[in-house]
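Undergrad: Here's a structure for you.
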Amino acid sequence: MKQTPAPQPIDDFAGWLQAFTQPTVLLELAALGLSVAFAWGLVAALRRALGDDSGKSIWFGKKVVDGVFFPLALLVLGYAMLELLSHFVNIAVFRLVIPVLMSLVVIRVGVKVLQATFAEARWIKPLEQTISWVAWMAMVLWVSGLLPVILNELDQITWKVGGTTLSVRNILEGMVTAGGVLIITLWISAGIESRLLRSATGGELSLRKAASNAVRALLMFVGLMMALSAVGIDLTALSVLGGAVGVGIGLGLQKLAANYVSGFVILTERSMRIGDVVRVDGFEGLITQINARYTVVRSLSGRESIVPNEMLITQRVENLSLADPRVNQTLTVSVGYESDVDQVMQLLTNAALTQPRVLHEPGPAAQLANFGADGLEFTLTYWINDIENGQGNLRSEINLAILKALRDNGIDIPYPQRVVHSR
């Protein structure tokens, strides 16, 4: 294996520092300041032109200098200044600035992509710190001239795996390549997902969510293959592993595979959508997430149920808002036999209409349902179209309005009465 020539590490630290005392350093500093000002102005102008003030952009970040575009633009300008000044002066400042800017670009890309993709994960912070430490250590080794030396030494530590000879350097380079491919994959998938889901609602939201999940899975698979190829692993050897995975899915992972297939079926046919109110297995709530393996249903009390997607396909599910968001509710009220029937029906209807959530079309209706043992039984039927805001709270408000109306008009609510004969 041909080795790359190893540059000599810094052995004259005083001489290295003396290079920064030359008068030409002022010219380099002026060029660096000009590059910083131009990069800042370019990013600020682009941000205003694109109207990006949300703070969620990977390119720009919350401020001009904390996104990816600013260090990337500064790195490009720094390279241009390096090439220009190298024809006239001995370069000192830019030989240090360029590795620093490259490390900053790596850190910004890694941190911003992870924040955008896994916004609420607890392990993101330690991973961000790890990326920062690795990038800065690589910069220090590069500037000092030790990085090529260390890589050549690591290239001497080898072992044979099957027909492939691997070294520590291959493994490290493969890990770096895999990390880079993973970051780029997550970046592309996050951009596609935000673009697809930006203005989607209802059934369109579910379909676009399925498309974004499929794109992310495909990109992750391609990235994994590229990373394995970079390490030096023969991909044809994975055919045996693929056959084993197929057998495992067919035997031991039937339920898991069924849940994944069911998830894509639900997202594709749109029988259930994010925002629908459903009742499944005795649990009623609002669908907040539809993932590849499971669906999250949140009840109005705050409890969440994680429902396997296979259950939503194979069992009976009541969707209260699939074709029509309007939902019918019914109340039962008993009054004394001496009450005015027409007046009671009017009072019940008016009590429902006082609530802004009750629809006027179709309007509420009161009916004499039954001649009970203790009084006349009326039913009040009304419609709402925002069941996600709760049912019990509205029922309570209408009951209170009915009770007040009956008391104000002197209408008796009968108590159960029984006659006991004794001998």
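The values are calculated or read from the model by the stated rules, or taken from the named source; none is laboratory data. Keep in mind it's a predicted model, so treat the numbers as computed, not measured. Cβ coordinates were reconstructed from backbone atoms using ideal geometry, including for glycine residues, and neighbour counts include every protein chain displayed. Accessible surface areas use protein heavy atoms only, side chains included; no ligands, DNA or RNA. Shrake-Rupley method; radii C 1.70, N 1.55, O 1.52, S 1.80 Å.
Undergrad: Quick one: how many residues across the range 393-423 are touching a residue at least 60 places away in the same chain (Cβ under 8 Å) and part of a helix (DSSP H, G or I)?
TA: Qualifying residue count, the range 393-423: 6.
Undergrad: Go through Val168, Val149, Val161 for me and flag whichever is modelled with pLDDT of 75 or more and surrounded by fewer than 17 Cβ atoms within 10 Å (Cβ to Cβ).
TA: Val168
Undergrad: Same structure again: Restricting to the range 80-107, what's the tally of residues that are more than 23 Å from Pro126 (Cα to Cα) and in a helix (DSSP H, G or I)?
TA: 13
Undergrad: Here is a follow-up. Take the residues in the range 372-387 that are crowded, with 16+ Cβ neighbours inside 10 Å and more than 19 Å from Glu361 (Cα to Cα), then tell me which one is farthest from the chain's Cα centre (by Cα).
TA: Gly375
Undergrad: Starting from the range 341-354, take each residue that is on the phi < 0 side of the Ramachandran plot and touching a residue at least 60 places away in the same chain (Cβ under 8 Å) and list its partners that are in a helix (DSSP H, G or I) and among the small types (Gly, Ala, Ser), counting only C-beta distances under 8 angstrom and pairs at least six apart or across chains.
TA: Note: pairs meeting the criteria are Leu347/Ala405.
Undergrad: Go through (1) under 25 Å from Phe378 (Cα atoms); (2) aromatic (Phe, Trp, Tyr); (3) in contact with a Pro (Cβ under 7 Å, 6 or more places away or on another chain) and name the single condition Tyr337 misses.
TA: (3)
Undergrad: Quick check, is Pro126 surrounded by fewer than 15 Cβ atoms within 10 Å (Cβ to Cβ), in a helix (DSSP H, G or I) and modelled with pLDDT of 70 or more?
TA: Answer is yes for this residue.
Undergrad: Check every one of the helices (runs of 4 or more DSSP H) wholly within the range 181-276 and list those with 2 or more residues that are in contact with a helix residue (DSSP H, G or I) (Cβ under 6 Å, 6 or more places away or on another chain) and either at pLDDT 75 or above or open to solvent by 50 Å² or more (accessible area, probe 1.4 Å) (or both).
TA: Once the helices (runs of 4 or more DSSP H) in the range 181-276 are filtered for at least 2 residues that are in contact with a helix residue (DSSP H, G or I) (Cβ under 6 Å, 6 or more places away or on another chain) and either at pLDDT 75 or above or open to solvent by 50 Å² or more (accessible area, probe 1.4 Å) (or both), what remains is 202-231, 254-269.
Undergrad: Select from the range 261-296 the residues that are within 24 Å of Ala217 (Cα to Cα) and β-branched (Val, Ile, Thr) and list them in ascending order.
TA: Matches in the range 261-296: Val261, Val265, Ile266, Thr268, Ile274, Ile287, Thr288, Ile290, Thr295, Val296.
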